[in-house]
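The block underneath contains the structure these notes are about, expressed in structure tokens.
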Amino acid sequence: MTGMGPDATAMVSKFSFYSAVIASSVLAPGLCIVTTGVIALLHLRHTGDLWSFMVVQTKDLSTPLAVVVGLNFLSLSFIAGYLFRELSFWLVGLLELVPRFAPLDAPDLRRRVEAICGRQALDDCLRTHPQLDYYLRDPAPTPHGAVVIHGGGHRENRGLFAFEYCKRRLRLDSPTLAVDNTEAEVNVLTSCLFPVLFLTAELVWAGALPIAVDVLSVVGCAGAWLGILVSLRRLRRTERVAAVTHLVYSGEVPPASAPGSSAS
């Protein structure tokens, strides 16, 4: 951007990125959820032609009042979208308690990165980043039942800390290699779970469609959930491996001041 320093440009780029993530993974799904909720309430009070009923009720709505109603509707959508996205991440976290869907721990993460980059490249990177070397060692024993949950439904382990360290380091030293696009895709996919469920429930309950269509809708919803969860498992694993791999490939870049490595 002309007339802006690198720090200002990076800040604007980061703000634009997160604004897009919020719009696509919070506001849009929240708008869908709130809309289906409003339609469900109207259906309870008015079982006739909902469209005609809404037209009659809103035809005399003044512009200032319409703006106020619209802003409140967007605010409710943001709140609902955020809450249901967090609930979706919680469900994904519960799914990862199953051994088959468990996230990569530090030893497995290290083996996969070594297989991709080679031992020499990984060792060079770990000498440059001793904190990452510490995270990728064999994990210390965890007290029974001591499970700490971080943002995104992640459960505390050194694989998570290694991923967070690499993600933040890439943002600081090598933004072009950052895994932000994968993170955004994870957020968007996760936020789709409950809108799909609510839209299907609304269609079955208030759609007055043939039974065959209702059955197909339920099957389609189950298939969509299965596809989303499988994709999330793949992306969350890929995200961890990619973050460490990209940092290894950018190992010749001298690290700046160490970023915070706590999971978010």
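The values are calculated or read from the model by the stated rules, or taken from the named source; none is laboratory data. Predicted, not measured: the structure shown is a model, and the values here were computed from it. With ideal geometry, Cβ positions are generated from the backbone for all residues, glycine too; neighbour counts draw on all protein chains shown.
Identify the residue in segment 167-194 that is outside any loop (DSSP other than H, G, I, E, B) and among the small types (Gly, Ala, Ser) and, among all such residues, is farthest from residue 131 (Cα to Cα). So the residue we want is 191. Residues that are outside any helix (DSSP H, G or I), surrounded by fewer than 16 Cβ atoms within 10 Å (Cβ to Cβ) and not acidic (Asp, Glu) occur in segment 195-207; there is at least one.
Name every residue in segment 111-121 that is surrounded by 16 or more Cβ atoms within 10 Å (Cβ to Cβ) and either among the small types (Gly, Ala, Ser) or within 19 Å of residue 168 (Cβ to Cβ) (or both), in order of residue number. Result: 113, 121.
For segment 1-78, the helices (runs of 4 or more DSSP H) that sit wholly inside it and include 2 or more residues that are modelled with pLDDT under 75 and either hydroxyl-bearing (Ser, Thr, Tyr) or surrounded by 11 or more Cβ atoms within 10 Å (Cβ to Cβ) (or both) are 6-22, 50-58. Specify the residue that is nearest to residue 246 (Cα to Cα); the eligible residues are those in segment 87-104 that are surrounded by 16 or more Cβ atoms within 10 Å (Cβ to Cβ) and of a type outside the set (A, V, I, L, M, F, W, C). Across segment 87-104, the extreme among qualifying residues is 103. So, residue 81, is that one within 21 Å of the chain's Cα centre (by Cα) and assigned to a helix (DSSP H, G or I) or not? For residue 81, the condition - within 21 Å of the chain's Cα centre (by Cα) and assigned to a helix (DSSP H, G or I) - is met.
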